[in-house]
Amino acid sequence: MITILIIGIEMKRATATIVLALLVAACGNDGAGQPRIVVTTNILGDLVANVVGDGATVEVLIPAGADPHEFQPSSAQVAAMARADLVVANGLGLEEALAGVLESVAADGVAVFEVAPLLDPIEVVEGDDHSLDPHVWMDPLRMADAAGLVAGELSRIDPEVGWEERALAYAERLRAVHVEIEGILEAVPPDRRVLVTNHATMGYFADRYGWDVLATVIPGGSSTGAPSSGDLAELVRLIRSRDLPAIFVDATRNDDVARTVAAEVGGVDVVTLHTESLTGPGGPAPTLVDLLRHNAREIARAASG
């Protein structure tokens, strides 16, 4: 049995230390001497938990509503990564503040597995800047492939467990929600399949389902950029020119700028999606499958209005 430790995102330092201490104590009860796996994001954590099933103890530190771009690890969390048998990360620059730590633990011999670069990533173009989009989890078919990749890495650590079978079962759930999403989006006329988002999280959704991301409020693939007044004026013009009904924002980010743009345009809704983090159990997106389904419904509702 494998104990899996999932790193928290945008958590207050004291809270992180307390929760980590509790989880390490739990490991001492059930997982002494077992391999340790650290996962950087809660969305990947959900995928890993589904792949391991009852063959591992999954310990989650990630709080609901966290932004992976801004996560700063505590010293205890860095130590947990250094002790891990495997670190599962998204990669492609998503965990911006973790890059140095990931490089350091890899240099010290820890196996670091970045999933997103292996999932046929798409390009984000902002003027002369070109980068690869890290938000691969917005495509359920890519994440079905990710389940198999994670199972392969787990098999290197413990080949006696049937990781591949569990990954196949979870991949089928992701393929099923893909078909469900196609049905949800059928109600949206082709000329309304246009998105304006708070930042560039919806590229994989658009690529998979035939939508167009017209513009983002925050430039670039990160959530940490800042638009200029010229950028915002152009965004207002674009929304008016296409008579778009909504701006889609992520629940982890401040949406004040998006609301200012919506007010300037007039008659535009600001619709909250869950694109960077799962929610708690009582929220609309406690799992990746729930997240994908919920976002599709919100997009279809707003775009059809």
Does at least one position in region 162-184 carry a residue that is touching a Ser or Thr at 6+ places or on another chain (Cβ under 9 Å), open to solvent by less than 10 Å² (accessible area, probe 1.4 Å) and within 22 Å of GLU298 (Cβ to Cβ)? no
Would you say ARG259 is within 25 Å of LEU92 (Cα to Cα), under 25 Å from the mean Cα position of the chain (by Cα) and basic (Lys, Arg)? no
For GLY266: the one exception among (1) on the phi < 0 side of the Ramachandran plot; (2) out of contact with any strand residue (DSSP E or B) (no Cβ under 6 Å at 6 or more places or on another chain); (3) not β-branched (Val, Ile, Thr): (1)
I need every pair where a residue in region 256-269 that is in a helix (DSSP H, G or I) has its Cβ under 9 Å from the Cβ of a residue that is among the acidic types (Asp, Glu) and open to solvent by 40 Å² or more (accessible area, probe 1.4 Å), sequence separation at least 6 or different chains. ALA262/ASP269
Output the residue which, of all residues in region 55-73 that are modelled with pLDDT of 75 or more and in a loop (DSSP other than H, G, I, E, B), is surrounded by the most Cβ atoms within 10 Å (Cβ to Cβ). PRO73
If I filter region 178-188 for residues that are under 26 Å from ALA285 (Cα atoms), touching a strand residue (DSSP E or B) at 6+ places or on another chain (Cβ under 9 Å) and part of a loop (DSSP other than H, G, I, E, B), do I get at least one hit? no
Looking only at residues in region 77-94 that are part of a loop (DSSP other than H, G, I, E, B) and among the small types (Gly, Ala, Ser), which one is most open to solvent (accessible area, probe 1.4 Å)? GLY93
Looking only at region 276-302, how many residues end up being at pLDDT below 95 and open to solvent by less than 20 Å² (accessible area, probe 1.4 Å)? 3
Filtering region 95-126 down to residues that are touching a residue at least 12 places away in the same chain (Cβ under 8 Å) and in a loop (DSSP other than H, G, I, E, B), which residue is surrounded by the most Cβ atoms within 10 Å (Cβ to Cβ)? VAL115
Just wondering, is there one or more residues in region 235-249 that are more than 30 Å from ALA171 (Cα to Cα), in contact with a Ser or Thr (Cβ under 8 Å, 6 or more places away or on another chain), crowded, with 19+ Cβ neighbours inside 10 Å and of a type outside the set (Ser, Thr, Tyr)? yes
Need pairs with beta-carbon distance below 6 Å; first residue within 12 Å of ALA97 (Cα to Cα) and within region 70-86, second open to solvent by 40 Å² or more (accessible area, probe 1.4 Å) and not acidic (Asp, Glu); sequence gap 6+ or separate chains. SER74/ARG13; SER74/THR17
Taking the criterion of being more than 17 Å from GLU153 (Cβ to Cβ), part of a helix (DSSP H, G or I), at pLDDT 90 or above and touching a strand residue (DSSP E or B) at 6+ places or on another chain (Cβ under 8 Å), would at least one residue in region 36-54 satisfy it? yes
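The values are calculated or read from the model by the stated rules, or taken from the named source; none is laboratory data. Everything quoted here is computed from the prediction, not taken from an experiment. Here Cβ is always computed from backbone atoms with ideal geometry, including for glycine, and neighbour counts include all displayed protein chains. Each accessible area value is taken on the protein alone, full model and side chains, heavy atoms only, with ligands, DNA and RNA left out. Shrake-Rupley method; radii C 1.70, N 1.55, O 1.52, S 1.80 Å.
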